[in-house]
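Right, one structure below, let's go through it.
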Amino acid sequence: MRHWEQVLVLALLSMLLMAQQKPKFEIREIKATGCVRRAAESQCLLLETLDGAATYTFIVAPKPELNAVITIQGKSHQGRSACKQGIPIDITDWEPTGDRCVEPKSK
């Protein structure tokens with residue numbers, strides 16, 4: 001076998017092995033409690049966590065009331081999102097706590 005043929009075979013084998021490796025997707029479970037806020041996009045909502053550590057963005061139906069405190073469960077959103085603010089998540093469940101948040105001051 002000529003040198004260039006050996007290089008070609010090695011390159012093809014390398015590509016075959018890389019193609020067989022499955023990508024590792026990290027799907028993180030999320031559970032948070034916070035205030036529901038209006039997002040810039042009409043179909044999206046924001047959840048500002050009570051400790052202020054994170055702001056999540058999501059689309060859900062039925063929609064919770066604005067300024068309600070809710071607890072959400074979900075997973076990290078994979079791919080592009082229509083919502084441009086906050087960390088996009090896919091909600092699997094949400095529940096109101098019965099509490100209300102102070103309305104944010106207008107900017």
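Nothing in this text is a laboratory measurement; each read-out follows from the coordinates by a stated rule. Quick caveat, the model's predicted, so the values are computed rather than measured. Every residue, glycine among them, receives a Cβ derived from its backbone with ideal geometry; neighbour counts consider all protein chains shown.
Remarks
- Zone of Cys101's modelled label, taken as backbone nitrogen in segment 72-94 under 20 Å from a point 7 Å along Cα→Cβ: 72-77, 82-94
- Computing percent of Cα pairs over 22 Å apart directly from the structure and comparing it against (1) 38; (2) 63; (3) 44 singles out (3).
- Dipole of segment 29-100 [Lys/Arg +1, Asp/Glu -1 at C-beta], most positive-end residue of Gly74, Ala32, Ser42: Ser42
- HN-Hα J in Hz across segment 51-59 - Karplus 6.51, -1.76, 1.60, θ = phi - 60°, x for Gly and Pro: 7, x, 6, 8, 10, 9, 10, 7, 10
- Cut-off under 5 Å, modelled amide H: who pairs with Asn67 long-range: Val36, Arg37
- Label point distance in nm, Arg2-Asp51, each placed 7 Å from Cα along Cα→Cβ: 6.5
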